[in-house]
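Since the structure comes first, as structure tokens, the remarks are kept for the end.
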Amino acid sequence: MPVRKAEIAGAGLAGLALAVRLAQLGWRVTLHERNSDLRMFGAGIWLWENGLRSLALLGAYDAALARAKTIKEWRICDSKGRVLMSRPMKPDDRLLLPPRADLYQALIDRAYALNVEIKTSSQVAGATPEGALLLQSGEERQADLVVGADGAFSRVRESVLCTRSIDYGIEAGIRMMIDYRPGDPEDVATEYWNGPWRLLYNPCTNGENYIFLSAPVHDERARKIPVDRDLWKAKFPHASDLISRFTEAGRWDRIVNVRCHKWSEGRVAIVGDAAHAMPPNLGQAANMAFSNVLALAMAVTEATDIPRALEQWEQSQRPLTNHVQWWSYIYGFVLGKWPANLELLRSDFIRALGKIEWFDDGLNRGARHVPSGFAMP
């Protein structure tokens, strides 16, 4: 069979992972990045078992996780540090937390090692179902497979009319790295809740910890950069030592939820945030993207009819992705929309839910998924 060609828009985590896997399977891959260089903002990232297995298959595991902390427990606490829910990890149900930049560089290195062509400053305008990636320069790049991994506001997705809705949600988020101090928890990620405000502390490396903050999008003080330390100390006095280390630098994001009519049209597919951007409440956006792109690569490599293979790929992968996306959304709804005068009831509700097997399965179904192509020992 002649060597097949893939054109991918977007050199983020999903685009890179797909490029690596297709190259492993014998495809000739070109990856287009709109920016002039490949860069990742400073933050950590949760890698659950499904993501860890994906990285092992991609050959990026060791490099991505060389500095990662192994998390033994994820806690949800109230603003005073009282535990509402505990989610322990097991040897076959892991959570590791590296810097995003380490993960990104590991995938970049794998892509170059596999001769993926990466074009920077390459602005994508759209795609055609017949298999052409359209560049803003006017160039049309023909391929057996075209993929939009170009984020929540994907031009590729829009060009093939796959968008159903974009929900801008009720939260804004701030991500940053802070200095590590002796005595900081080494293996417990703690999420503090106070009404609709949230502070998530994550051990990340020996030198830095990762902080995620979220608040109602209309709270101007809470989304301010540099961070308003006085506001956050008032909300979370138990975490004042962490807040005193908040850096001037940080990244503010509007949290969005993307839903699609479909994930493909003809020879065009969409992946990652382009297909299923979700609130970061379960730490599953990148992990599900990895699982889905591995399945996509397997599906099209084994197929003679690529449009049909893409339809079958969506049928097999979308139910789990929809489940994870929905649970992420509801999690944020409980955090952000619970009536302030019933907060004690919410605490009791979370404590009770954490003990129910149905809740554990729903919350962790994505994390425990085995990606396509991964061989269980």
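Some observations on this one:
- Solvent exposure of the range 91-167 amounts to 45 Å² per residue of accessible area, where only protein heavy atoms count and the probe is 1.4 Å.
- Debye equation applied to the C-alpha atoms of the range 83-203, log10 I(q)/I(0) at 0.09 Å⁻¹: -0.49
- Sum of side-chain charges, residue 136 neighbourhood, beta-carbon under 15 Å (Lys, Arg +1; Asp, Glu -1): -2
- Percent breakdown of C-alpha pair distances by 5 Å bin, ordered from the shortest bin, for the range 202-293: 3, 10, 17, 17, 17, 13, 10, 7, 4, 2, 1
- Computed about the Cα centre, the dipole magnitude for the range 11-77 is approximately 80 debye when only Lys and Arg (+1) and Asp and Glu (-1) carry charge, each at its Cβ.
- Volume of the convex hull of the range 284-340 (Cα atoms only), normalised per residue: 65 Å³.
- Of 71, 356, 166, the one that fluctuates the most in a GNM where the chain has Cα springs shorter than 10 Å: 356
- In the context of the full protein assembly, residue 100 retains an accessible surface of approximately 40 Å², using a probe radius of 1.4 Å and ignoring ligands and nucleic acids.
- Per-residue accessible area (protein heavy atoms, 1.4 Å probe) orders 37, 78, 179 as 179, 37, 78, starting from the largest.
- Computed Rg/Rh of the range 132-229, alpha carbon atoms with Kirkwood Rh: 1.16
- Proximal charge balance of residue 71 [Cβ under 10 Å; K/R count +1, D/E count -1]: +1
- Here the spin labels are modelled as points 7 Å beyond Cα on the Cα-Cβ line, and at residue 186 and residue 225 they lie 3.3 nm apart.
- Compactness index (Cα Rg / 2.2 N^0.38 Å), the range 19-130: 1.35
- Computed [θ] at 222 nm, helices only, for the chain once each DSSP H run of length n ≥ 4 contributes -39500 (n - 2.57): -10000 deg cm²/dmol
- Over the range 120-249, relative contact order from alpha-carbon pairs under 8 Å, at least 6 apart, %: 17
- The calculated FRET efficiency for residue 345 paired with residue 254, based on their beta-carbon distance and R0 = 41 Å, is about 0.90.
- Spin-label model, residue 303 to residue 109: label points 7 Å out along the Cα-to-beta-carbon direction sit 3.4 nm apart.
- Protein heavy-atom accessible surface, 1.4 Å probe, per residue over the range 259-377: 44 Å².
- Isotropic mean projected area of the C-alpha convex hull, the chain (nm²): 18.2
- Separation between Cα centres of the range 111-156 and the range 252-324, rounded to whole Å: 17
- Virtual paramagnetic centre 7 Å along Cα→Cβ of residue 83, amide N under 18 Å, in the range 339-373: 347-357, 360
- Take every Cα pair under 8 Å whose residues are at least 6 apart in sequence, average their separation, divide by the length of the chain, and the relative contact order is 21 percent.
- Here the chain is assigned +1 on the Cβ of each Lys and Arg and -1 on the Cβ of each Asp and Glu. Its dipole about the Cα centre then comes out at about 460 debye.
- Solvent-accessible surface (1.4 angstrom probe) belonging to residue 158, in square angstrom, nearest 10: 100
- Each label was represented as a point 7 Å from its Cα along the Cα-to-Cβ direction; for residue 137 and residue 36 these points are 1.6 nm apart.
- Ordering 291, 236, 263 by Cα displacement along the dipole of the range 229-309 toward the positive end leaves 236 in first place; charges were set at the Cβ atoms of Lys, Arg (+1) and Asp, Glu (-1).
- Charge sum, other residues only, whose C-beta stays under 15 Å from residue 213's C-beta, Lys/Arg counted +1 and Asp/Glu -1: +3
- Taking the centroid of alpha carbons for each part, the range 1-40 and the range 344-377 are 32 Å apart.
- In the chain, taking the dipole from charged Cβ atoms about the Cα centre, the farthest positive-side position among 169, 323, 135 is held by 169.
- Placing a label point 7 Å from the Cα of residue 322 along the Cα-to-Cβ direction, the residues of the range 244-286 with a backbone N closer than 13 Å are 259-263.
- Electrostatic dipole magnitude of the range 1-130 [Cβ: Lys, Arg +1; Asp, Glu -1; Cα centre; debye, to 20]: 380
- Heavy-atom accessible area order for 164, 229, largest first, 1.4 Å probe: 164, 229
- Accessible area (Å², 1.4 Å probe, nearest 10) - residue 92: 100
- Straight-line cross-link partners of residue 224 among the lysines, defined as a Cα under 27 Å from its Cα and at least 8 positions apart when in the same chain: 80, 233, 235, 337.
- Dipole-positive endmost among 278, 106, 312 within the chain (Cβ charges, Cα centre): 278
- Within the accessible area of the chain, the carbon and sulfur atoms contribute 51%, probe 1.4 Å, all protein chains present.
- The range 199-256: GluC sites (Glu not before Pro) in DSSP coil with no more than 14 other Cβ atoms inside 10 Å: 220, 248
The values are calculated or read from the model by the stated rules, or taken from the named source; none is laboratory data. What you see is a predicted model, and the numbers here were worked out from it, not measured in a lab. With ideal geometry, Cβ positions are generated from the backbone for all residues, glycine too; neighbour counts draw on all protein chains shown. In case anyone asks, the SASA skips ligands and DNA or RNA and just uses the protein heavy atoms, side chains included. Shrake-Rupley method; radii C 1.70, N 1.55, O 1.52, S 1.80 Å.
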